[in-house]
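Heads up, the thing below is written out as structure tokens.
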Amino acid sequence: MLPGSAFDGEGFLRDMQAWTPAVAEQVAAAEGLTLTPAHWEVITLLRQYYRQFDSSPAMRPLVKWVRIHLGEDCGRSVYLLSLFPGSPAKLASKIAGLPKPDNCL
Amino acid sequence: MLHTLSCAPGHPAVKDCIALLRANDALLLLGDGVYIALQHSEDWLALQQSGASLHVLDADARAAGVRQRLAACFTVVDDDGFVSLTEQHAQQMAWY
Amino acid sequence: MSTTADSGVLVVTRHPQPGRSLARAALDTALATAAFDQPVTLLFLGAGVLQLLPQQDSASVGVRNLRKVIDSMPLYDLEHYYVDAEAAEHFGLTAEDLPSGAMLVDRDAQRSLFDNHQHILGF
């Protein structure tokens, strides 16, 4: 468990290097989510996106990115909303240990 | 369209601005850009060749001490004149 | 008043990074506009073309690798963007250096871009 000081006021991890899968579980629990394999697929893709593009995606590129890698059924906002309710790009980035997306509401 | 240019002479944006200026455009020099209108600098020659209407903001020209040394092709405008220019041109590009 | 312009936004980015944050602001503006489904065109002008240099490694100076962010633009449905051909040549950027979405434009084509956009945001 990381202490509360490891996170900023909105719950985003301050130091990306401190992220582990256990941290993801901790953040998800704080958001009232239990991570399933479907969540992990998206979290893994998000971390890959960050490595490749040096940024966290807004909703639209996230949907497209998921569609490219997981196919049409998963690459839809309804699907992502079912996994990460509210604001999927923001919530999934938070759980994946990435900075808050710049171009995201 | 209206171009506002606020870089000092020699800044690379001055060259790019001049290259894209066209006859039906207006140019307004602001801030450090007012030095471009100095009669003796000859930087304004290329501006004049574009055929664009050329303006200098009065307050900035006075502040820089160039108000009495402007090349004749420039019209001096005050803040109201600046507003009029923005009304006459739907598009604006700021070079700074 | 000109009547030829359509309603799109033209973002003109003229500064290299990482010295100033303007390059980053221009890119964020373009991506945010695209993320909200608004038509946006991006023009790299003058020293702004230096943002396209490959092999940027900015981790140690704590700024984003802009080229990587630029490479994400197709995911924002920004498939193409315009690059000042004269500046690219001046700074020695070759076709292999440039991302696949880059389209080189000369001064005449740049003037047309200005003509065709109602809103111009210069960075």
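The values are calculated or read from the model by the stated rules, or taken from the named source; none is laboratory data. Here the structure is a predicted model, which is why all the values come from computation and not from measurement. Backbone-built Cβ (ideal geometry, glycine too); neighbour counts: all protein chains shown. Accessible surface areas use protein heavy atoms only, side chains included; no ligands, DNA or RNA. Shrake-Rupley method; radii C 1.70, N 1.55, O 1.52, S 1.80 Å.
Data for the structure
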| item | result |
| --- | --- |
| Rg/Rh (Cα only; Kirkwood hydrodynamic radius) as it applies to segment B:2-95 | 0.92 |
| Rounded accessible area per residue of chain B, 1.4 Å, Å² | 46 Å² |
| Å³ per residue enclosed by the Cα convex hull of segment A:20-105 | 85 Å³ |
| Rounded to whole Å, sorted largest first: equivalent-ellipsoid semi-axes of segment C:6-122, Cα gyration tensor | 21, 17, 13 |
| Most positive-pole-ward Cα, A:6, A:53, A:99, against dipole of chain A from beta carbon charges | A:53 |
| Contact order normalised by residue count of segment A:9-95, Cα under 8 Å, 6+ apart, percent | 30 percent |
| Formal net charge of residues neighbouring residue A:70 (Cβ-Cβ distance under 11 Å; K, R +1; D, E -1) | -1 |
| Which of A:42, A:24, A:65, positive extreme of dipole for segment A:9-95 (C-beta unit charges) | A:65 |
| Contact surface C-A: accessible area buried, both sides summed, square angstrom, 1.4 angstrom probe | 1500 Å² |
| D_trans [Stokes-Einstein, Kirkwood Rh over alpha-carbon pairs] for the protein assembly as shown, 10 °C, 1.306 mPa s, µm² s⁻¹ | 72 µm²/s |
| Rounded to 5, percent antiparallel among DSSP beta bridges of the protein assembly as shown | 5 percent |
| Sum of side-chain charges, residue B:51 neighbourhood, beta-carbon under 11 Å (Lys, Arg +1; Asp, Glu -1) | 0 |
| Only Lys, Arg (+1) and Asp, Glu (-1) charged, at Cβ; the protein assembly as shown dipole about Cα centre in debye | 620 debye |
| Of B:91, C:59, B:64, farthest towards positive along the dipole that unit charges on Lys, Arg, Asp, Glu beta carbons give the protein assembly as shown | C:59 |
| Cut-off 12 Å between beta-carbons: net charge of the residues surrounding residue A:8, Lys and Arg +1, Asp and Glu -1 | +1 |
| Theoretical FRET efficiency, 1/(1+(r/R0)^6), r = Cβ-Cβ of residue A:6 and residue C:59, R0 22 Å, to 0.05 | 0.60 |
| Principal-axis tilt of helix A:37-53 within chain A, Cα atoms, nearest 10 degrees | 90 degrees |
| Highest to lowest packing among C:65-72, C:43-50, B:79-86, B:41-48, scored as the average C-beta count within 10 Å | C:43-50, C:65-72, B:41-48, B:79-86 |
| Protein accessible area in segment A:9-95, 1.4 Å probe - carbon and sulfur % | 55 percent |
| Shielding by partners - mean other protein chain Cβ count within 10 Å, residues of C:73-79 | 4 |
